[in-house]
Amino acid sequence: MKLCVLGGGGVRSCFLAKSIACNADLANLTEVVLMDVDQAKLDRYGKLARQIAIRIAPALKVTLTRSVEEAVTDADFVITTIRSGGDHSRVRDEEIVSQTGLLAQETTGACGFAMAMRSIPVLLDYCEKIKQLAHPGCLIFNFTNPSGIVTQALNSCGYPVYGICDAPSEFVKQLAAMLNVAENRFSCECFGLNHLSWFTHFQVDGKDVTEPIFTDPNLFVKTEMRLFEPQVLKMTDGCLPNEYLYFYYYTRKVIQSSRQAGESRAQLIERVNTMMNKALENVDPDQEFEKAFRIFFEHYNIRENHYMMNESGKARVRHYEVPSVEEFLSTPDEGGYAGVALRFVKALSQDEPVEMILSVPNRGAIAGLRDEDVVEISCRIDHDGAHPIPQQHIPQPIMNLIQTMKEYERTAVRAILNRDRDLAVKALLIHPLVANLDLAEKLVDAFLKESQRDGMPPWK
């Protein structure tokens with residue numbers, strides 16, 4: 001079986017490669033192709049990823065290419081994880097939005113729309129090539145952000161794509177660890193939209209453990225609930241929020257904290273990546289693997305240890321140190337989006353259904369949304385694919401936000417597919433983190449100016 005990764009030269013490719021190699025047997029993988037349009041990224045991060053993969057699974061064939069046609073030809077599985085426009089486009093997005101006084105965050109609010117403008121057209125071209133060149137029935141997993149809007153757009157255009165995100169599964173791992181139980185003994189249900197989801201129905205071995213979770217002081221210390229205040233539990237009627245809801249519940253705090261930091265998250269990542277690229281400039285991972293590995297982690301951990309710090313003023317619970325090569329290769333895979341994708345593939349052939357969190361068409365699971373609306377939700381996976389688990393009761397305030405954000409996503413997708421400025425303005429007017437006509441028009445015009453500078457087709 002052949003798996004190709006579109007965007008396989010990204011900075012996180014080494015983690016992706018580890019996850020693929022550790023889980024290759026789940027999908028009977030024999031070949032992995034890492035494709036990226038940027039040769040320099042392939043030479044640095046693609047080669048590093050390849051070396052990691054073959055050290056874990058020596059029988060696995062790993063190749064690098066700039067050709068999307070070569071990558072997807074005869075593919076059985078495809079993972080999309082691209083960043084159209086590179087790091088600096090993210091910097092510009094956040095600069096444009098922050099100048100209006102609004103929240104500026106990569107995938108949330110107006111920045112998320114700008115990112116979708118760049119991502120969707122590229123992925124539509126890729127999906128058409130997959131349709132033409134890959135094996136019939138090739139499974140496509142989208143990790144490209146903003147994942148919800150992107151997955152919605154691809155499905156709306158007739159490409160059956162599964163959206164995957166590592167944030168929900170990571171939070172579930174944290175809750176199981178907090179309770180000191182194996183992950184396979186713990187279960188809960190997730191519902192909502194990507195980067196706008198909640199968790200409920202917490203169980204260990206089928207027994208409700210809501211009270212032990214909510215009263216455990218570690219909930220707001222050792223999990224991503226560290227971002228929130230305890231009173232949030234009263235506001236959400238016992239549903240635990242995805243970490244990205246921090247941007248909705250504490251919007252003004254995020255804006256203030258980001259200003260005080262003096263450097264946006266995008267600027268930090270661009271700065272760190274520039275330093276890392278410089279340090280790796282004359283290092284060939286094929287010849288000096290350990291040196292390249294050390295340089296990578298010295299820089300990457302700066303990013304990880306500062307995650308959400310500028311936005312919240314709070315440090316991460318876990319401080320990341322540079323691992324040894326042996327430590328990194330030998331420790332169990334923590335999952336990530338590649339692990340989610342390959343476990344899904346394995347689940348399709350199992351006799352017993354498996355539960356996973358995916359972004360899929362709603363199909364009646366959340367009342368008040370359309371069947372074709374892509375939602376992030378717990379699914380049962382069997383021979384026939386993914387079946388979203390129906391949600392019996394969603395608190396009305398949460399449902400109101402889901403419906404509003406889904407209408408924003410629908411409108412944003414239509415705007416991008418039709419290259420329609422007025423629809424784009426309408427989408428941002430709907431979004432609760434913008435919700436101002438003057439600012440919506442100003443932002444859309446600024447994004448369109450940037451897109452024309454990058455050579456994108458003009459909009460109406």
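The values are calculated or read from the model by the stated rules, or taken from the named source; none is laboratory data. Quick caveat: nothing in here was measured; it's all calculated off a predicted structure. In this analysis, Cβ positions are derived from the backbone assuming ideal geometry, glycine residues included, and neighbour counts consider all displayed protein chains.
The residues listed here are ALA167, ALA177, ALA116; of these, the one that is over 14 Å from the mean Cα position of the chain (by Cα) and of a type outside the set (S, T, N, Q) is ALA177. Looking across segment 126-146 at every residue that is under 17 Å from ALA341 (Cα atoms) and not hydrophobic (A, V, I, L, M, F, W, C), the one that is surrounded by the most Cβ atoms within 10 Å (Cβ to Cβ) is identified as ASN142. Would you say SER89 is among the polar types (S, T, N, Q) and either under 22 Å from ASP166 (Cβ atoms) or outside any helix (DSSP H, G or I) (or both)? Considered against the rule, which asks whether it is among the polar types (S, T, N, Q) and either under 22 Å from ASP166 (Cβ atoms) or outside any helix (DSSP H, G or I) (or both), SER89 comes out as no. If you go through segment 260-290 and keep only what is of a type in the set (A, V, I, L, M, F, W, C) and part of a loop (DSSP other than H, G, I, E, B), you end up with just VAL283.
Cβ-Cβ below 7 Å, separation at least six or inter-chain, first residue in segment 399-425 and of a type in the set (Phe, Trp, Tyr), second assigned to a helix (DSSP H, G or I): which pairs? Close Cβ pairs satisfying both conditions: TYR408/ALA427; TYR408/ILE430. Of the residues making up segment 396-407, those that are closer than 18 Å to TYR249 by Cβ and either at pLDDT below 95 or more than 19 Å from the chain's Cα centre (by Cα) (or both) are GLN396, PRO397, ILE398, MET399, ASN400, LEU401, GLN403, THR404. Can you confirm whether LYS222 is surrounded by fewer than 23 Cβ atoms within 10 Å (Cβ to Cβ), among the basic types (Lys, Arg) and in a helix (DSSP H, G or I)? Criteria not met by LYS222. Which residues, counting only those in segment 378-396, are in contact with an Asp or Glu (Cβ under 8 Å, 6 or more places away or on another chain) and not in a loop (DSSP other than H, G, I, E, B)? Correct list: SER378, CYS379, ARG380, ILE381. Against the conditions (1) buried (at least 20 other Cβ atoms within 10 Å of the Cβ); (2) more than 18 Å from the chain's Cα centre (by Cα); (3) over 29 Å from LYS426 (Cβ atoms), VAL97 satisfies every one except (3). For segment 429-447, a tally of residues being closer than 14 Å to LEU401 by Cα and either without any contact (Cβ under 8 Å) to a residue 40 or more places away in the chain or part of a helix (DSSP H, G or I) (or both) returns 2.
Note on segment 237-259: residues that are at pLDDT below 95 and either in a loop (DSSP other than H, G, I, E, B) or within 23 Å of the chain's Cα centre (by Cα) (or both) amount to 3.
Return yes when GLU450 is out of contact with any strand residue (DSSP E or B) (no Cβ under 9 Å at 6 or more places or on another chain), over 17 Å from ALA116 (Cβ atoms) and part of a helix (DSSP H, G or I) and no when it is not. Considered against the rule, which asks whether it is out of contact with any strand residue (DSSP E or B) (no Cβ under 9 Å at 6 or more places or on another chain), over 17 Å from ALA116 (Cβ atoms) and part of a helix (DSSP H, G or I), GLU450 comes out as no. Going through segment 92-113 one residue at a time, which ones are assigned to a helix (DSSP H, G or I), closer than 24 Å to LEU417 by Cα and not aliphatic (A, V, I, L, M)? ARG92, ASP93, GLU94, GLY109, CYS111, GLY112, PHE113 - these are the residues of segment 92-113 that are assigned to a helix (DSSP H, G or I), closer than 24 Å to LEU417 by Cα and not aliphatic (A, V, I, L, M). Every condition in (1) in a helix (DSSP H, G or I); (2) more than 20 Å from ILE402 (Cα to Cα); (3) of a type outside the set (Asp, Glu); (4) in contact with a helix residue (DSSP H, G or I) (Cβ under 7 Å, 6 or more places away or on another chain) is met by VAL150 except one, and the failing one is (2). Just one of the numbered conditions (1) assigned to a strand (DSSP E or B); (2) surrounded by fewer than 20 Cβ atoms within 10 Å (Cβ to Cβ) is not true of CYS190: (2). Inclusion of ARG66 among residues that are of a type in the set (D, E, K, R), under 23 Å from SER119 (Cα atoms) and touching a helix residue (DSSP H, G or I) at 6+ places or on another chain (Cβ under 9 Å) is warranted. Once segment 335-377 is narrowed to residues that are outside any helix (DSSP H, G or I) and among the β-branched types (Val, Ile, Thr), the residue that is surrounded by the fewest Cβ atoms within 10 Å (Cβ to Cβ) is VAL354. For beta carbons closer than 8 Å, sequence separation of 6+ or different chains, a first residue in segment 213-227 that is more than 12 Å from ARG318 (Cα to Cα) and a second that is among the aromatic types (Phe, Trp, Tyr) and surrounded by 20 or more Cβ atoms within 10 Å (Cβ to Cβ), the qualifying pairs are ILE213/PHE202; PHE220/PHE228; LEU227/TYR246. Restricting segment 1-55 to residues that are part of a loop (DSSP other than H, G, I, E, B), in contact (Cβ under 8 Å) with a residue 40 or more places away in the chain and among the aliphatic types (A, V, I, L, M) leaves a set whose member that is surrounded by the fewest Cβ atoms within 10 Å (Cβ to Cβ) is MET1. Every condition in (1) touching a Gly at 6+ places or on another chain (Cβ under 7 Å); (2) crowded, with 20+ Cβ neighbours inside 10 Å; (3) closer than 17 Å to ALA114 by Cβ; (4) not polar (S, T, N, Q) holds for ALA412 except the one numbered (1). When ILE140 is tested against (1) within 26 Å of TYR45 (Cα to Cα); (2) part of a helix (DSSP H, G or I); (3) at pLDDT 95 or above; (4) among the aliphatic types (A, V, I, L, M), only condition (2) is not met.
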